[in-house]
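Written out below as structure tokens is the structure these notes cover.
The values are calculated or read from the model by the stated rules, or taken from the named source; none is laboratory data. Worth saying up front: this structure is predicted, and the values here are computed from it rather than measured. In this analysis, Cβ positions are derived from the backbone assuming ideal geometry, glycine residues included, and neighbour counts consider all displayed protein chains. Surface areas here come from the heavy atoms of the whole protein model, side chains and all, with no ligands, DNA or RNA. Shrake-Rupley method; radii C 1.70, N 1.55, O 1.52, S 1.80 Å.
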Amino acid sequence: TGMFTFDPGFLATSSCESKITFIDGDEGQLYYRGYPIEQLAEHSDYLEVCYLLVYGELPTATQKAEFERTVMKHTMVHDQLTRFFNGFRRDAHPMAMMVGVTGALSAFYQDSLDIAEPEHRKVAIYRLISKIPTIAAMCYRYNQGLPFNYPKNDLGYTANFLHMMFATPCEEYTPNPVLVRALDRIFTLHADHEQNASTSTVRLAGSSGANPFACIAAGIACLWGPSHGGANEAVLKMLDEIGSVDNVPAFMEGVKNKTHKLMGFGHRVYKNFDPRAKIMKQTCDEVLNELGLRDDPQFQLAMKLEEIALNDPYFIERKLYPNVDFYSGIVLTALGIPVSMFTVIFALARTVGWISHWNEMISDPGMKIGRPRQLYTGAARRDYVQVAQRG
Ligand code: CMC
């Protein structure tokens, strides 16, 4: 490989220095800016976590209130952006619309594109955190043939998202606080995860100086895949396909023969357990209790699958444990969110992580364009042959 290290899949390469998130994969620990995820999930809320990820410290009471005010002030999207949706088929996948409409933000907010200016970067960060839930809800409403809901800023970030998703002009809509808290926790657990595929994509896109909205659109595109953010959607599809506990043994045989994967299991970094999955399972319990769905067959099936997998040598030898997405889909379903929106919810929550990494990178005076090398395995030098002479 000459002077370059060959490392497909980046199993042994650190692409950058970062102060944002630390994962201890062997111990199953995740920290945002030094704070354990368990403590943040229990005591903090998503917007406070956003502040922490972007600025590096927990806010004071005044900073917290100011941050919430500013984020909620930016929730509306340019009215012209709403027209964008009409170009899509109603049955377009919401992630397809997310990639397109988020990319289009750079055409609407040109006054925050001078990325060398910290003030511009700050406005772009606010705009993204504020507007992504609005766009996400619009994707759902368009898909369902429902009118868009304007944001209701006095509701708070997560309750407002549920309002934009589910309120109708015909009746009063009051989000259930237990469900708001559960969704807020899903957002918190997905807020950042160091140099995963989509975050690395955002950094790579941003390293060329591309504008932040375009970089986030690139991140959303990468997240869409079933090995990454698309896994939560794939888990629910898998549970549907398995259908009942009776079919689990046959399904497991297929996993071991490598005909299919057990979606929601395994992680590149966590080789002990995924701390997010533990919190997610507990949240799942709380939500199903609140809604009286404790006997929900999908949940029962998921628990059975987990139990069987955790005791199976195939999974034990390979250190495969449930990841965050094994249970998040069940919670989202209980909240009334359709499967096609699961990855959109992940994108919404991860936007703050992506933009924090982008900002950290741009703020570094030593930043270089990301430009990997390759191991060339193609043809050696040869001479051009005229078309008439080619066999
Ligand atoms: N089901 C069955 N076998 C698996 C699974 C699984 N979910 N995951 C890994 N393996 C096997 C894999 O076949 C390989 O076996 P062998 O050694 O016999 O070849 C071994 O375990 C090691 O796996 P790997 O593919 O080398 O591991 P990786 O680090 O490249 O992949 C992963 C990590 C998350 C892509 C993978 O575990 C996977 O595809 N899981 C299912 C999809 C999923 O749930 N993704 C969500 C990840 S968490 C949310 C996020 O961050 O996006």
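Quick notes
- The 1.4 Å probe gives accessible areas that order S363, S356, largest first, as S363, S356.
- Helical content of the chain, expressed as a calculated mean residue ellipticity at 222 nm, amounts to -17000 deg cm²/dmol (DSSP H runs of 4 or more residues, -39,500 (n - 2.57) each, divided by residue number, nearest 500).
- Per residue, the chain exposes 49 Å² of solvent-accessible protein surface, assessed with a 1.4 angstrom probe and all protein chains in place.
- Solvent accessible area, Å² - C170, 1.4 Å probe, full protein context: 120 Å²
- L146/N247 FRET efficiency (R0 41 Å; Cβ-Cβ; nearest 0.05): 0.70
- Expressed as a whole percent, the accessible surface of the range 46-139 that belongs to carbon and sulfur atoms is 54, based on a 1.4 Å probe.
- Applying both filters, DSSP loop and at most 15 other Cβ atoms within 10 Å, to the chymotrypsin sites (Phe, Trp or Tyr not before Pro) of the range 282-391 gives Y376, Y384.
- Gaussian network model of the chain, springs between alpha carbon atoms under 10 Å - residue of A234, A349, A65 with greatest fluctuation: A65
- Among the DSSP helices (H) of the chain, those spanning at least 30 angstrom by Cα along their long axis with an average Kyte-Doolittle hydropathy of 0.5 or more are 342-363; this is a geometric and hydropathy rule only.
- Area of Y270 that stays accessible when all protein chains are in place (1.4 Å probe, Å², to 10): 10 Å²
- Converting phi to 3J(HN,Hα) with the Karplus coefficients 6.51, -1.76 and 1.60 and the offset θ = phi - 60°, the range 4-17 yields 9, 7, 9, 9, x, x, 6, 6, 9, 10, 8, 8, 6, 9 Hz in sequence order, with x at every glycine or proline.
- Span from the the range 206-241 Cα centroid across to the the range 344-391 one, whole angstrom: 17 Å
- For the chain, the longest piece that avoids every one of the GluC sites (Glu not before Pro) found in DSSP loops with at most 14 other C-beta atoms within 10 Å covers 173-391.
- Solvent-accessible area of the range 241-370 (1.4 angstrom probe, protein heavy atoms only): carbon and sulfur portion equals 53 percent.
- Protein-only accessible surface order, largest first, of H43, H74, H260 at 1.4 Å: H43, H260, H74
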